[in-house]
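Notes for the one structure printed next.
All of the numbers you see were taken from the coordinates with simple rules; none came from a lab. Remember, predicted model here, so these are calculated numbers, not experimental data. Using ideal geometry, Cβ is built from the backbone for each residue, glycine included, and neighbour counts are taken over all protein chains shown.
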Amino acid sequence: MNKDFNALAWLLQRITAVGLVLLLGIHFWLLHFKTHGEVIKFSDVSMRLHTWTLVLIDICLLIFGLYHASNGIYSIVQDYSVGGNGRRVTLWVLMCGGCVLAIIGGISLFRFLYVAG
Amino acid sequence: MKNILKVKVFRCDPETDTTPRYDIFHVPEIKNMAVLDVVFHIQNNQDRSLAFRSSCRIGMCGSCAMFINGKARLACRTGVATLGTKELTITPLPNLPVIKDLLVDMDPFFEKYEKIKPYFIPEEGRKDFCSVPEGLKERRLIDEMLECITCGACYSACTIVTTNPEYLGPAALNRAFCLIADKRDGGGDERLRIVSDSNGIWRCHGQFNCGEVCPKKITPTWTIQQLKKRSVFKMMGIHL
Amino acid sequence: MKDVNQINADILILGSGGAGFMAALHAYDVNPELNIVLAVKGLAGKSGCTRMVQGGYNVVLDPKDSHEKHFLDTIKGGGFINNQELAWTLVTDAPKIVLELENKVGCFFDRGPDGMLHQKSFAGQSFDRTIHRRDLTGIEIIARLRDQIFAKDIQVLEECRGIDLLTKDNRVVGALLLDIRSGEPIVVNCRAVILCTGGGATMYKIAAPSMEKSGDGVAMVFRAGAEFIDMEMMQFHPTGLLAGESRLSGSVLEEGLRGAGGRLYNALGERFMERYDSERMERSTRDQVARASYMEIMEGRGTQNGGVLLDMSHLGAEFVERTFPGMVDRVKDIGKDLAREPIEVSPTAHFHMGGVRIDRDCRCNLEGLFVAGEDAGGVHGANRLGGNGVAESTVFGARAGDASAKYVSECDNVTIDYEQMYYIWQETTKPFQLAKGEDAYGLRNELKLLTWEKMGVVRSKELLEQSLSELNEMDERAKQIKVSGARRYNMEWNEALNILNLITVGKMIAKSALMREESRGSHYRSDFPEIDNKNWLKNICLIRDEKGDMRLYTRPVILSRIKPDDIT
C-alpha cells in the first residue's frame with residue numbers, strides 16, 4: 001500500500017467525521033423541526049429535495065457516510081491483522097460496494113429534482 | 001503484628017507444563033517493600049524454582065516489568081503500600097511469549113523497535129557539537145520522550161498490539177519520533193516512511209493505555225499523533 | 001556429553017556496559033567483516049552500571065580548562081598511585097569520545113545558556129567539567145549505544161553469562177558461556193576476548209551496583225592467570241539511600257547533590273564534615289565523606305537505621321525538583337521528599353578501582369585478552385573521581401575495540417581444548433549432583449555481612465585476617481552449595497556461581513588490603529591511619545600461582561608525568 005494513501009485516508013476520515021457531525025445535525029434538524037405533522041410523508045421529502053441545496057447536502061451526507069463507514073471497517077480489518085489476501089479482498093469489496101451504493105444513492109437523489117409533485 | 005501479604009503468582013514452564021497455574025504464597029511485609037522484594041522473598045525462601053528478571057532495582061533498566069494487580073508496572077518501583085491491598089496478583093507481561101513464570105521473551109518487542117531504525121544516523125559533515133539554545137521548545141518536546149527505558153509496559157498495555165501482532169507498538173513509534181524530530185539526525189524521511197506503514201502509526205486509535213502505564217510518564221499516544229501530523233503534512237507536500 | 005553448541009567468532013565481548021558496547025562498535029568500524037559476538041548476563045544494555053550513572057561524564061571541553069588540570073585532579077583523587085599513562089590517556093581521549101557520543105552515537109547532553117554542552121561542578125574537580133543529561137546521564141549513553149548495535153551486524157547473546165576463559169598454549173582462545181534461559185553451555189572459539197563485565201561491589205551488605213553483577217569477569221581471568229593491580233581499592237559512595245531491608249537500599253543518590261550544596265548531618269544534628277574536612281565540607285572527595293559518615297555511624301552518632309542524614313531542603317524545593325527530578329522521584333518510592341526533608345543515607349559499596357593490570361590499549365599479561373572498564377585497574381588509583389567512571393569505560397572500551405580488531409587481523413585462530421571445556425562444565429553443574437549441601441542464599445547473606453563489617457570502609461590487620469580465614473572457609477562451603485530443580489533459568493544455580501566468584505574477588509581484596517600498611521584514598525587502615533609516601537608509593541599486584549593460590553607483590557608507581565612533590 002502506498003504510504004501516502006494511509007495518510008490521505010486518515011485525513012479524510014477526520015474530515016468526513018467533522019462533516020458528518022454537521023450534516024447529520026442538519027439532517028436531524030430538517031427531519032425533526034422542518035417536518036409538519038408527526039409522520040414523515042414521501043411528499044414532504046419529495047418537496048424538500050426539489051432544491052439543489054438540499055440534494056447536495058444529502059449527497060454529501062451519503063458520500064461522507066459511505067466513506068467513513070467503509071474506511072472504518074477497513075481500519076478494523078487492519079487492526080485485526082487479517083491476512084494479505086483477506087485484506088485486499090475486503091478493500092476491493094468495500095471500494096466497489098461503496099462506489100455502487102454511492103451511484104445508486106446519488107441517482108435516487110438526483111431523480112427528485114426532476115420528478116413532478 | 002506484621003502484615004502478611006497474600007500473593008498469587010503465575011507459574012508456567014512451557015517445556016513441562018501444558019497449562020499455567022497460580023501458586024499462592026504468604027509473604028511478611030517489610031518497611032518500604034517493593035513488589036520486587038516480594039518476589040525475591042518468595043524465590044529465596046519459599047520456592048526457589050520461581051523465575052523472574054531484574055537488574056538495577058531502581059527503575060532505570062526496565063528489566064522487571066510485570067503485570068501487577070491488573071496493570072503493567074515495574075516491580076522495583078511499585079511499593080506494596082501503594083497498591084492499597086494486602087492481596088497481590090502477579091503475572092507476566094501480556095502480549096509477549098512466556099519463557100518461564102514471570103519471565104517474558106522481549107525479542108518481539110525489540111524486533112519491532114529495530115524496524116524503525118532506532119539508531120541515530122548522523123548528518124553528513126558535522127565536525128563540532130551541535131549548538132542548541134538552552135530550553136529550546138522543540139528540544140523540550142523530544143526530551144520528555146527520550147526517557148524511555150524499553151521496559152515493555154506500554155507494549156503490553158496496548159490492545160492493538162494484542163489484536164495485530166504486526167503493529168509496531170507504542171515504544172518503537174515513540175523512539176521513531178525522537179529521532180525524526182531531532183534536527184541532528186539525517187534519517188528522518190526514511191523513518192517517517194517506515195512508521196507510515198499500515199502496521200505503524202495508523203493503527204493507533206488513541207487509547208492512552210500506554211501513557212497510563214509508562215513508569216517514565218511518557219505518553220506515546222501524543223508522540224504518535226505528532227507522527228500522524230507529520231505524515232499528513234508530508235503527503236500534502238509541506239515539510240516541517 | 002552431548003554436542004555442545006559452539007560459536008566460532010573473531011572477537012568475543014563479555015559485558016554490555018559502556019565498555020562492551022564501545023568495544024563492539026569500534027571493532028566493527030575498524031573492520032565490518034569481523035565476526036563479533038557480544039555476550040551479556042542480562043538483557044543487552046539493561047544490566048550493569050553504566051546505565052545507572054547519574055552524575056555525569058568528566059571531559060575537557062572549555063578552552064579555559066586543560067588536560068593537565070583534569071589529569072592532576074585524577075591523580076590527586078587517586079592518591080598518586082594511578083598509572084599515569086592510563087590517566088593521561090583517559091583525559092586526552094575523553095573529548096573525542098564525547099564528540100563521538102554526540103555526533104555519531106546520537107546522545108544528547110544538556111545544554112547551557114550558550115547552546116553548548118553544560119558542564120556542571122562535581123566533587124574533587126578543579127574545573128566545572130562534568131557533562132550530563134539531567135540527573136540520569138547513564139540511561140542516555142547506554143540506550144543510544146545499544147541502538148547503534150542494532151545497525152551493525154553484531155551477534156548479541158542475551159542472558160548468557162561467562163563461566164570461564166578457555167586457554168591454550170598461554171593464549172586466550174575463547175570462553176565457556178552458560179545460556180541462562182536454557183541452562184545449556186555455549187562454547188565460543190575466537191581470536192580475542194574483550195572483558196567488560198564490571199566489578200564485585202555487590203559482595204557488601206549495602207551496595208550500589210545492579211544485582212546481577214558479581215565480579216564474574218575478575219574471578220574468571222584470575223583463574224586464567226591474569227595480573228591484577230590495586231585490588232584493595234574499593235570505593236564506598238557516601239550517599240547510598242537507606243530503605244530498610246528493601247532492595248532499594250544502597251542505590252546511589254548522586255554526588256551532584258553535594259556538589260550543589262547538600263548538607264550532611266548526624267543524629268545529633270551536627271554537620272559532622274566540619275571535623276573531617278572543614279575546608280571542603282560535604283564537597284570533599286568520596287572517600288573522605290564516606291569514611292566520615294561511617295565513623296559517625298560506628299561511633300553511635302548515626303540514625304536508628306544506621307545512617308546519616310542528607311538535607312537538600314535549604315536549597316529550595318523548586319531548585320531540587322528541577323535539577324534532580326530522577327532522584328526526587330525515586331526517593332518518593334520510600335515515602336520521602338528529597339526536596340523538603342532530610343533523607344537517611346549510608347556509605348555504600350560502589351566501584352572497584354582495582355582490576356586487571358592493562359596498558360593503554362587494554363592489553364594485559366594474557367595473550368588474546370583485552371580488558372576495559374571497571375574490570376581493569378590502574379586508571380583511578382586509590383579513589384575514583386565522580387564522572388571519571390563512565391569516561392573510563394567509554395574511552396577504554398573504544399581502545400579495546402580498536403586494539404583487538406587490529407590484533408585479530410594479525411593472528412591466527414587456535415582451536416579450544418575440549419577437555420578443558422568439559423572439565424569446567426562438570427564443575428559448573430556440580431551443585432545439581434550434590435545430595436545435600438550448603439544453602440546459597442544463607443551463604444550470600446553471611447558473605448555480605450562479613451565483608452561489610454571486616455573489610456569495608458575501615459580496615460585493620462585483625463579484621464582483615466579474620467576476613468581471610470572466614471572467606472577461605474566460605475569458599476569451601478560455597479563449593480558445596482546444593483541446587484535443585486530444572487536447569488532452565490535456575491536463579492539459585494546462578495546465585496551459587498555468583499557467590500563463588502564474589503568470594504574469589506573478596507579474597508583478592510582482603511589480601512591486598514592486608515598488605516598495604518597505610519591509608520590512601522578509599523583504603524583506610526585504623527592501625528595505619530596516615531598516608532605513607534615513603535614506603536607505599538607503590539601498587540600492590542596479585543596473580544595466581546601454580547598451586548592456584550594468590551601471590552602478591554608490589555610495583556613502584558611510575559611517576560612519568562608528575563610527582564607528589566610537584567604539588568604542594
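Estimated from helical segments only, the mean residue ellipticity of chain C at 222 nm is -11000 deg cm²/dmol, where each DSSP H run of four or more residues counts as -39500 (n - 2.57).
A simple packing score, the average count of other Cβ atoms within 10 Å per residue, orders the peptides A:82-93, C:73-84, C:277-288, C:156-167 as C:73-84, C:156-167, C:277-288, A:82-93, with the highest score first. In a reduced charge model with +1 at each Lys and Arg Cβ and -1 at each Asp and Glu Cβ, the stretch C:236-349 shows a dipole moment near 100 debye about its Cα centre.
Listed as lacking a disulfide-compatible partner in chain B: B:C12, B:C64, B:C76, B:C130, B:C148, B:C151, B:C158, B:C178, B:C204, B:C214, by the criterion of no other cysteine Cβ under 4.7 Å. Database remark: amide H of C:I531 closer than 5 angstrom to the amide H of C:S519 (H placed geometrically; neighbours at sequence offset of 5 or more, or on other chains; Pro and chain starts carry no H). For C:M273, neighbours were defined as the other residues whose beta-carbon sits under 15 Å from its Cβ, and their charges (Lys and Arg +1, Asp and Glu -1) total -1.
Helices in chain B, meaning DSSP H runs of at least 4 residues, each add -39500 (n - 2.57). Divided by all residues, the mean residue ellipticity at 222 nm is -8500 deg cm²/dmol. Across the stretch C:514-523, coupling constants 3J(HN,Hα) worked out from phi with the 6.51/-1.76/1.60 Karplus curve, θ = phi - 60°, read 5, 6, 7, 9, 6, 10, 7, x, 6, 8 Hz, and Gly and Pro carry x.
Summarising the label geometry, the points placed 7 Å from Cα in the beta-carbon direction at C:L559 and A:C99 lie 9.1 nm from one another.
Taking only the Cα atoms of the stretch C:122-166, the radius of gyration and Dmax are 16.8, 45 Å.
Computed 3J(HN,Hα) for the stretch C:506-513, one whole-Hz value per residue from the Karplus formula 6.51 cos²θ - 1.76 cosθ + 1.60 where θ = phi - 60°, is x, 5, 4, 5, 4, 5, 5, 5, glycine and proline marked x.
With the cut-off at under 19 Å, measuring from each backbone N in the stretch C:127-163 to a point 7 Å along the Cα-to-Cβ line of C:N413 picks out C:153-157. Each peptide in C:497-504, C:372-379, C:420-427, C:87-94 gets a packing score, the mean of other Cβ atoms within 10 Å over its residues, and the list from highest to lowest is C:372-379, C:497-504, C:87-94, C:420-427. Across peptide B:145-158, the average count of Cβ atoms from other chains found within 10 Å of a residue's Cβ is 2. Shielding of peptide C:242-254 by partners, expressed as the average count of other chain Cβ atoms within 10 Å per residue Cβ, is 5.
Note the angle between two axes, namely the Cα long axis of helix A:84-114 and the longest principal axis of the Cα atoms of chain A, as a number of degrees from 0 to 90, rounded to the nearest 10. The two axes meet at around 10 degrees. Summing Lys and Arg as +1 and Asp and Glu as -1 over all other residues whose Cβ lies under 9 Å from the Cβ of C:C196 gives a net charge of -2. Here the calculated FRET efficiency for C:Q466 and C:R551, from their Cβ-Cβ distance with R0 = 22 Å, stands at 0.50, rounded to the nearest 0.05. With contributions of -39500 (n - 2.57) from each DSSP H run of at least four residues, the per-residue ellipticity at 222 nm computed over chain A stands at -29500 deg cm²/dmol. Comparing Cα centroids, the stretch C:1-52 and the stretch C:426-497 end up 28 angstrom apart.
Computed from the Cβ-Cβ distance with R0 of 22 Å, the FRET efficiency linking C:D566 to C:S126 stands at 0.90.
Near B:E29: Cβ cut-off under 10 Å, other residues only, Lys/Arg at +1 and Asp/Glu at -1. The net charge is +2. Applying a DSSP loop filter and a limit of 13 other Cβ atoms within 10 Å to the trypsin sites (Lys or Arg not before Pro) in the stretch B:163-240 leaves B:K183, B:K217. Across the stretch C:356-362, computed HN-Hα scalar couplings (Karplus, 6.51 cos²θ - 1.76 cosθ + 1.60, θ = phi - 60°) run 5, 6, 10, 9, 4, 9, 6 Hz from first to last residue, x flagging Gly and Pro.
Dipole orientation for the protein assembly as shown: of the candidates A:T90, C:G48, C:I206, A:T90 has the Cα lying most toward the positive pole (charges on Cβ; Lys, Arg +1; Asp, Glu -1).
Normalised by 2.2 N^0.38 Å, where N counts its residues, the alpha-carbon radius of gyration of chain B equals 1.15.
Counting Cβ atoms of other protein chains within 10 Å of each residue's Cβ and taking the mean over peptide C:97-103 gives 3.
Once the Cα-Cα distance is subtracted from the 0.36 nm per residue extended length, the B:T89 to B:E114 segment shows a gain of 5.8 nm.
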